[in-house]
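Report on one structure; see the data block that follows.
The values are calculated or read from the model by the stated rules, or taken from the named source; none is laboratory data. Model, not experiment: these values are computed from the prediction. So basically every Cβ, Gly included, is an ideal-geometry build from the backbone, and we count neighbours across all protein chains shown. The protein model used for the area step is the full one, side chains on, heavy atoms only, and it has no ligands, DNA or RNA in it. Shrake-Rupley method; radii C 1.70, N 1.55, O 1.52, S 1.80 Å.
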Amino acid sequence: MTAPLLELDNLSVAFGGHTVVDGVNLRLAPGEKLALVGESGSGKTVTALAVLRLLHGARVQGRALFNNGQSTRDLLALPERQLRGLRGDEIAMIFQEPMTALNPLMTVGRQIAEVLQLKRALTPAQSAQGAIELLAKTGIPEPARRATAYPHQLSGGQRQRAMIAMALACSPKLLLADEPTTALDVSLRGQILDLLGELQRDHGMAVLLITHDLNLVRRFADRVAVMQQGRLVEQGGTAQIFTTPQHPYTQRLIASRPERDVQQTPVNDSAAPLIAADQLRVTYPVPLPGFRGWLRKGAFVAVQNVSFAIAPGRTLGVIGESGSGKSTLAQAALGLLPLSSVGGRLQVKGQAWRHRLAVDKPLRRAAQVVFQDPFSSLSPRMTIEEIVGEGLRVHAPDLTAAERARRARDALAEVGLAEAQFPGLLARYAHEFSGGQRQRIALARALIVEPDLLVLDEPTSALDVTIQKQVLALLQRLQKQRQLAYLLITHDVDVVRAMAHDVLVLKDGEVVESGAALEVLDVPRHPYTQKLLAAA
């Protein structure tokens, strides 16, 4: 038998007196694709981070044997200097949250080029060109231009692809991929999987894939390992795990799929829409090449000719590939873009955004947002009480500190985070919670000011299937109770099917198809919609 590339022998990880990974035994062969699946907080990411000794303050026991074909070394016992030589060169990692993993002060091209300079000893010019080629391989359009962009100037999917390009820069033997396609739309997921498959064939690279996307696992992985509360409960071939799962937890994971439970008819047919757009157009200034750029700027059209309306108690789902204009549409709806960038008509509760505090303040309360990445949207320096109660300081300034704390506690309980379950809940910080719990905190922050409209920008993309199902059920319940209107931005067709009453399909900033959700999803007319649904 071929010697394993990586072998975890009784790996355990503890923080303080709490064990989060308990006695994991796992083997990964050269060129193999192994998926590690489980709920949020099950220990998947901690296991991968322990392999590269990237856990600070943790007590790690056991062995992590890495065989590069020349020698076998225990990664947990190597001196830091030798391990540093392996990181990025023979073992690379794609982190889950690119906004926090990428340096906000460096362009993405420079960050990728830095790896090539340090690991391959290329010249600055060669490294810069290599960075552009790597970005092109991951499917980023206009890679030369995107290489000069900073992370905040890219969409979520483009940031994730930049992370993948950086990890693949040195053609590693082992790739630890922690949710590598979380922020990508369905068609780009396929491109990234094809890319990883091609690199694996070319370089004999093995992949340890950490993901909550079971469709991705079914399509990509050779074997599957299932984790629950820090322990491996089941391992086997992908076909075997999906067709005849043995452990009850595995059976529950595979059975987890969003269920449609929406209010079919509006409570009040004559109710005015909470948000309406007519021929909405959004442009961004861009520099022009040559002498023309000295005198004036050009315009990049991000959204054009978009019209929609959302009534109380209804959900409009917006789907499309990364860069299609979905998040720009969300920013316009929230009044976060300069007036000079927005054309056409857009009104919230019958009023347009004016960018004047006194005029817009009621609309700021009425229209709230839940962002895609709860880790970066929640301040790491504020307690949960301060995060959730922050909106009350603006919209209910007469409340006392005790009243704000009570309202924060009630909002958290409404989204399933009770003080009895989390002692000292209000005094904790965001990093002390799992991804699904952080998303609930973000939802409580939005709900505490009693909005009429929620803009949901990929609200479940970072969540595993069971937590995703719980969050969607929570959103459906809250919509029925409060008659909330949702503008749902997502690339997940299953989420749209479960949540939306109506759908807009965006491509290059324009609507190519719209209509009732089930009609569009079941009988798509436009070839682009058909391609999206086929990829899903």
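Conditions tested, residue by residue: (1) in contact (Cβ under 8 Å) with a residue 12 or more places away in the chain; (2) in a helix (DSSP H, G or I); (3) within 16 Å of the chain's Cα centre (by Cα).
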{"site": "162", "(1), (2), (3)": "yes, yes, yes"}
{"site": "166", "(1), (2), (3)": "yes, yes, no"}
{"site": "171", "(1), (2), (3)": "yes, no, no"}
{"site": "176", "(1), (2), (3)": "yes, no, no"}
{"site": "226", "(1), (2), (3)": "yes, no, no"}
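Being assigned to a helix (DSSP H, G or I), of a type in the set (Gly, Ala, Ser) and open to solvent by 40 Å² or more (accessible area, probe 1.4 Å) narrows it down to one of 113, 136, so name that one.
136
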*Report yes if some residue within the stretch 142-155 is buried (at least 22 other Cβ atoms within 10 Å of the Cβ) and not in a helix (DSSP H, G or I); otherwise report no.*
yes
_Selection from the stretch 88-103 of residues that are open to solvent by 50 Å² or more (accessible area, probe 1.4 Å) and either within 17 Å of residue 67 (Cα to Cα) or in contact with a Cys (Cβ under 8 Å, 6 or more places away or on another chain) (or both)_ = 89
*Report yes if residue 116 is more than 27 Å from residue 325 (Cβ to Cβ), touching a helix residue (DSSP H, G or I) at 6+ places or on another chain (Cβ under 9 Å) and in contact (Cβ under 8 Å) with a residue 40 or more places away in the chain, otherwise no.*
yes
_Residue match in the stretch 397-420 (condition: part of a helix (DSSP H, G or I), surrounded by 15 or more Cβ atoms within 10 Å (Cβ to Cβ), under 19 Å from the mean Cα position of the chain (by Cα) and charged (D, E, K, R))_ = no
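Would you say residue 432 is among the acidic types (Asp, Glu), open to solvent by 10 Å² or more (accessible area, probe 1.4 Å) and either closer than 15 Å to residue 373 by Cβ or within 22 Å of the chain's Cα centre (by Cα) (or both)?
Values: among the acidic types (Asp, Glu): yes; open to solvent by 10 Å² or more (accessible area, probe 1.4 Å): yes; either closer than 15 Å to residue 373 by Cβ or within 22 Å of the chain's Cα centre (by Cα) (or both): yes.
Yes; evaluated as a whole, the condition is true for this residue.
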*If you go through the stretch 264-276 one residue at a time, do you hit one that is open to solvent by 30 Å² or more (accessible area, probe 1.4 Å), in a strand (DSSP E or B), without any contact (Cβ under 8 Å) to a residue 40 or more places away in the chain and not polar (S, T, N, Q)?*
no
*Inside the stretch 482-536, counting only helices (runs of 4 or more DSSP H) that do not spill past its ends, which hold 3 or more residues that are more than 23 Å from the chain's Cα centre (by Cα) and within 17 Å of residue 331 (Cα to Cα)?*
none
*Sort out which residues of the stretch 60-75 are touching a residue at least 24 places away in the same chain (Cβ under 8 Å), of a type outside the set (Phe, Trp, Tyr) and open to solvent by less than 50 Å² (accessible area, probe 1.4 Å), and write them in order of number.*
62, 64, 65, 67, 68, 75
*Output the residue which, of all residues in the stretch 315-334 that are touching an Asp or Glu at 6+ places or on another chain (Cβ under 6 Å) and in a loop (DSSP other than H, G, I, E, B), is modelled with the highest pLDDT.*
321
*Scan the stretch 5-23 for residues that are more than 21 Å from residue 33 (Cβ to Cβ), touching a Gly at 6+ places or on another chain (Cβ under 9 Å) and assigned to a strand (DSSP E or B) and report the count.*
10
*Would a scan of the stretch 153-162 turn up a residue that is more than 17 Å from residue 376 (Cβ to Cβ) and either of a type in the set (Gly, Ala, Ser) or at pLDDT 90 or above (or both)?*
no
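Have a look at 426, 443 and point out the one that is touching a residue at least 40 places away in the same chain (Cβ under 8 Å), over 14 Å from the mean Cα position of the chain (by Cα) and buried (at least 24 other Cβ atoms within 10 Å of the Cβ).
On the way: 426 fails: buried (at least 24 other Cβ atoms within 10 Å of the Cβ).
Exactly one residue qualifies, and that residue is 443.
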*Selection within the stretch 493-504 - open to solvent by less than 70 Å² (accessible area, probe 1.4 Å) and either free of Cβ contacts under 8 Å to residues at least 12 places away in the same chain or more than 19 Å from residue 276 (Cβ to Cβ) (or both)*: 493, 494, 495, 496, 498, 499
*Subset tally (residues that are open to solvent by 10 Å² or more (accessible area, probe 1.4 Å), at pLDDT below 90 and of a type outside the set (Asp, Glu)) for the stretch 31-42*: 3
*Which residues, taken from the stretch 335-345, are assigned to a loop (DSSP other than H, G, I, E, B) and either in contact (Cβ under 8 Å) with a residue 40 or more places away in the chain or more than 14 Å from residue 277 (Cβ to Cβ) (or both)?*
336, 337, 338
_Every residue in the stretch 346-371 that is on the phi < 0 side of the Ramachandran plot, of a type outside the set (A, V, I, L, M, F, W, C) and either open to solvent by 60 Å² or more (accessible area, probe 1.4 Å) or in a strand (DSSP E or B) (or both), please._
347, 351, 354, 356, 361, 362, 364, 365, 368
*Can you confirm whether the stretch 203-211 contains a residue that is assigned to a strand (DSSP E or B), more than 23 Å from residue 460 (Cα to Cα), open to solvent by less than 20 Å² (accessible area, probe 1.4 Å) and not polar (S, T, N, Q)?*
yes
*Residue satisfying all of: in the stretch 119-129; assigned to a helix (DSSP H, G or I) and either small (Gly, Ala, Ser) or in contact (Cβ under 8 Å) with a residue 24 or more places away in the chain (or both); surrounded by the most Cβ atoms within 10 Å (Cβ to Cβ) among these*: 127
